[in-house]
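Participant: Attaching a single structure in C-alpha cells format; questions to follow.
The values are calculated or read from the model by the stated rules, or taken from the named source; none is laboratory data. Small disclaimer: the values here were computed from a predicted structure and weren't measured. We place every Cβ from the backbone using ideal geometry, glycine too, and count neighbours over all the protein chains shown.
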Amino acid sequence: MRPGQVIVLATPVFLLSIGIEFLVGRLRARRGTGQDTYRLADTVNSIGLGMLSQIGGVLTSLLRIGIYTACWSAFALVDAKDFWMQWYGWLLALVFYDFCYYWLHRMGHECGVLWAAHVVHHQSQHYNLSTALRQTSSGFLFDWIFYLPMALAGVPPLVFGVVALVDLLYQFWVHTEQVGKLGWFDRWFCSPSNHRVHHAVNDRYVDRNYGGVLIVWDRLFGSFQEEDERPVYGTRKPLDSWDPLWANLEVYWALGRDAWRTKHWGDKLRVWFKPPGWRPADLAQSDPHPPFDLAQVQRYEPVVPGTVQLFAGLLFLALLGGTVSFLWFADVLPLGTTLVWLLVLATGLWSAGALLQGRLAMAESLFVNAAALATASGALGIAPLHLLAKPLALVLGIAIAWKRWRTPQAEGRFGLLLLAGLAASLAGDVFLMLGAHLFVPGLASFLVAHLFYIALFASGVGLFPRRQALAATLAVGAAMYAFLWSQGLPAGLRIPVGLYVMVIASMAAQAIGRAAVLGGADARAVALGAVVFMLSDSLLAFNRFVAPLPLASLWVLATYYVAQWLILRHSVRPAADAADRAEVQAPPNRSLLSR
Ligand SMILES: [Zn+2]
Ligand SMILES: [Zn+2]
C-alpha cells in the first residue's frame, strides 16, 4: 500500500475529527466558553491545499523515494537491515526522522527558498484540524536533502517511508484550539499548546517550536517558547486569497521578483537563502515593505452570498470525492492519465477558491469545470463523459453570454454577436466530436464563429484598425498552411482549410488591432484569446495532418477552452461587466486582536 492510499483510508478519520471539533467549537462559542474556529472558505482552502499536495505527490513522491532509495543503496555506511526491522529499530528510526524533520522545518523558516514551500502550511489565519491538512505542493524540491543522513545510516526505504508517515499523521491532532495545556506532555511532545505558538505571528512566538513529534529538540537547540499570550495566526505577509495555486507560488514569485529587480549580483543569489522578509539593500530603500504590526493584522474574509457558499461547498465535496478516487487508483494509472487528472482537480480547486473570493460567478465556474472535464475525457478517450461535457461547456458559455445580454445594461448588438459566435462554436464542437466524417461541417461552423467574432471585435473600432497586425497573422497562417500542404494536406481539404486559415488569422488580427486601439486589460485578454485560438487550431491541424501528438486532445482542447474563456469573459463593455459577478463587499475592517 502506498502513502497515498493510507491517506485515503485516513480521510474519513480526518473529516470526522474536523466535524467533531467544529461542533465542539460551536457549542463552546454559544456557551461563551470557547471559540468557533471554522470558516467555510478557510476550511475549503486548507483542505483543498492538502488535496493538491497529495495529488501532486503522486508524481513527486516517486522522485522523493527514488532519490532516497538510490542514496541508500549506493552510500549506506552500515548494512543492518535486521536491526532497523526490530521494534527498537523502528523507534530509533522515528526519533532519527523527527530529528531530521526538526532541521528541515527550522530551515523552512530560516531560508527564503525553503520558506517558499513551507509557507503554505502557515497561511491560514485560523487554527483548527483543517489547518493540519494544508500542506505544500513543492516540498519535494529540497526536503529530501534533510533526510540523507538516514540513508547514509542505512535506514531501509520501507522503514523511512513508514516513520515519515507516522511523523506526519501524528501532527494532525495538535492543530486545535479546543485542547488546552497538557502539563508534562507539553514539555516532551509537540502538543496543541506549543504548536499554536509555532503558527502565531506574535513577536515572542515567531520562529519557535519546530518539533514534529518531540518538542525536546526545541529545548535542546534553543527554539522553545511556552504559550503565554493569545496567539494570532497566519503569516506576517498575509496571503489574502483563496487561490490554492497562488498559495503555492506567492513566495517564489516574491523572491523571483526581488532577485530580478535588485541591481547587485550577489543579492540576486542571496535573496533565495536569506531568512524570509530579508530584502536587498537597494529594494529595501526603493520599495520598502511596511514593518509588521500585530495590531494592524486584518482577517481576510471576502463576503459572498449564501447560495455561492453552498454551491462552492458542493463543488468542493465533488472534488474531494474525485481526489479520493484518484489517489486510490493513482499507482496503477499511466503518467499521462495522472497528469490529466491532476490538471482537472487543480482547475476545480482553483475555481472553488475563485467562487469564494467573488472572482467567478457560479455559471462561470461550471463552464471552467465542464471545459476541464471535456478536455480530460477527450484526452483519455472517455466517450460518455466527453459526449456530455463538451457540448455542456459551450452551452454554459452561451448561458453566461445570454444572461449578460439580458441584463439592464443590455449590450444589444455586441452581446448578440458574442452569442452568435458561441452558438456557431457549439455547432462546430458537436460536429468535430461526432467523428472525422464531419470535419468539414465542423470547420465551416468555426469559420462562421470567427466571422461573428470579427464583427464583434470590429464594433466601435472598425475593421482591421492595425494593418501590420493583419499582415503578421496572415503571414503566420500562410506559413502554417504551406507547411500542412507540404506534409500532405488531402486535396479535397485544401480549399476549406485555406479559407479557414484566412478567416482565423483575420479574427486574431482584428482582436489585436482592437486591443491596440482600446487599450486596457480586457481588450488585451481578448487579443490573447484570439492568438491562443490560432495556436489551438495549429495543434489540431498538426495532429491531424502531420503527426499524432501524445495526449493530443489535452493540448488542443485546453488551448481551445482558454481561448473561448478569454473571449467570453473579457469581450464585454466594462459597464455591463459587474452585474454578472457575485457581489463582493470589502472585507470587514476588523483587527484580530479586538475580537
Ligand atoms: Zn512551520
Ligand atoms: Zn502546523
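Participant: Of all residues in the stretch 157-205, which are crowded, with 20+ Cβ neighbours inside 10 Å, of a type in the set (Phe, Trp, Tyr) and either within 16 Å of ligand 1 (Cβ to nearest atom) or outside any helix (DSSP H, G or I) (or both)?
Facilitator: Once the filter is applied, which keeps residues that are crowded, with 20+ Cβ neighbours inside 10 Å, of a type in the set (Phe, Trp, Tyr) and either within 16 Å of ligand 1 (Cβ to nearest atom) or outside any helix (DSSP H, G or I) (or both), the stretch 157-205 yields only Tyr205.
Residue by residue, here is whether (1) in a helix (DSSP H, G or I); (2) more than 21 Å from the chain's Cα centre (by Cα); (3) touching a residue at least 24 places away in the same chain (Cβ under 8 Å); (4) in the same structural domain as His570 (by TED's automatic domain parsing) holds:
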| site | (1), (2), (3), (4) |
| --- | --- |
| Leu315 | yes, no, yes, no |
| Gly321 | yes, no, no, no |
| Val340 | yes, no, yes, no |
| Leu366 | yes, no, yes, yes |
| Asn369 | yes, no, yes, yes |
| Ala424 | yes, yes, yes, yes |
| Asp429 | yes, yes, yes, yes |
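Participant: I'd like to know if the stretch 142-158 contains one or more residues that are under 24 Å from the mean Cα position of the chain (by Cα), charged (D, E, K, R), within 16 Å of ligand 2 (Cβ to nearest atom) and closer than 22 Å to Asp207 by Cα.
Facilitator: yes
Participant: Quickly run through the stretch 202-222 and pick out the residues that are of a type in the set (Phe, Trp, Tyr) and within 11 Å of ligand 2 (Cβ to nearest atom).
Facilitator: The first filter runs over the stretch 202-222 and keeps only residues of a type in the set (Phe, Trp, Tyr), leaving 205, 210, 217, 221.
Within the stretch 202-222, just Tyr210 meets the criteria.
Participant: Also, quick follow-up: Within the stretch 206-242, track down each residue that is within 16 Å of ligand 1 (Cβ to nearest atom) and over 32 Å from the mean Cα position of the chain (by Cα).
Facilitator: Within the stretch 206-242, Leu214, Ile215, Trp217, Asp218, Phe221, Ser223, Phe224, Gln225, Glu227 meet the criteria.
Participant: Here are some residues: His121, His126. Which one is in the same structural domain as Gly211 (by TED's automatic domain parsing), farther than 21 Å from Phe221 by Cβ, touching a Lys or Arg at 6+ places or on another chain (Cβ under 9 Å) and within 16 Å of ligand 2 (Cβ to nearest atom)?
Facilitator: None of the other options fit; the residue is His126.
Participant: Being surrounded by fewer than 21 Cβ atoms within 10 Å (Cβ to Cβ) and more than 20 Å from Ser46 (Cα to Cα) is the filter; apply it to the stretch 105-122 and report the residue that is farthest from ligand 1 (Cβ to nearest atom).
Facilitator: Going through the qualifying residues, I end up with Val113.
Participant: Something else about it: Looking at (1) out of contact with any His (no Cβ under 7 Å at 6 or more places or on another chain); (2) within 16 Å of ligand 2 (Cβ to nearest atom); (3) not hydrophobic (A, V, I, L, M, F, W, C), which is the only condition His199 fails?
Facilitator: (1)
Participant: Test of understanding: among Phe224, Phe189, Phe292, which residue is in contact (Cβ under 8 Å) with a residue 40 or more places away in the chain, assigned by TED's automatic domain parsing to the domain that holds Val113 and over 30 Å from Thr347 (Cβ atoms)?
Facilitator: Phe292 is the lone residue from the list that is in contact (Cβ under 8 Å) with a residue 40 or more places away in the chain, assigned by TED's automatic domain parsing to the domain that holds Val113 and over 30 Å from Thr347 (Cβ atoms).
Participant: Go through the residues of the stretch 88-95 one by one and say whether even a single one is within 21 Å of His175 (Cβ to Cβ), out of contact with any Cys (no Cβ under 8 Å at 6 or more places or on another chain) and more than 14 Å from ligand 2 (Cβ to nearest atom).
Facilitator: yes
Participant: Determine whether the stretch 483-495 contains at least one residue that is of a type in the set (Val, Ile, Thr), assigned by TED's automatic domain parsing to the domain that holds Pro441, out of contact with any strand residue (DSSP E or B) (no Cβ under 6 Å at 6 or more places or on another chain) and farther than 17 Å from Ala444 by Cα.
Facilitator: Let us first name the residues in the stretch 483-495 that are of a type in the set (Val, Ile, Thr), namely 495.
Restricting the remaining residues to those that are assigned by TED's automatic domain parsing to the domain that holds Pro441 gives 495.
Narrowing further to those that are out of contact with any strand residue (DSSP E or B) (no Cβ under 6 Å at 6 or more places or on another chain): 495.
Retained after the next criterion (residues that are farther than 17 Å from Ala444 by Cα): none.
No, there is no match, as no residue in the stretch 483-495 is of a type in the set (Val, Ile, Thr), assigned by TED's automatic domain parsing to the domain that holds Pro441, out of contact with any strand residue (DSSP E or B) (no Cβ under 6 Å at 6 or more places or on another chain) and farther than 17 Å from Ala444 by Cα.
Participant: Still on this model: Filter the stretch 124-144 down to the residues that are among the acidic types (Asp, Glu) and surrounded by 24 or more Cβ atoms within 10 Å (Cβ to Cβ) and list them by number.
Facilitator: Of everything in the stretch 124-144, nothing turns out to be among the acidic types (Asp, Glu) and surrounded by 24 or more Cβ atoms within 10 Å (Cβ to Cβ).
Participant: Among Asp167, Asp186, which is of a type outside the set (Val, Ile, Thr), within 16 Å of ligand 2 (Cβ to nearest atom) and in contact with a Gly (Cβ under 8 Å, 6 or more places away or on another chain)?
Facilitator: Within the list Asp167, Asp186, the selection yields Asp167.
Participant: Does any residue in the stretch 145-156 that is in contact (Cβ under 8 Å) with a residue 60 or more places away in the chain and surrounded by fewer than 16 Cβ atoms within 10 Å (Cβ to Cβ) come within less than 7 Å, Cβ to Cβ, of a residue that is part of a helix (DSSP H, G or I) and not hydroxyl-bearing (Ser, Thr, Tyr) six or more places away or on a different chain, and which pairs are these?
Facilitator: Leu148/Cys71; Leu152/Phe75
Participant: Related question: What number of residues in the stretch 496-552 are of a type in the set (Lys, Arg) and within 14 Å of Tyr453 (Cβ to Cβ)?
Facilitator: So the count comes out to 1.
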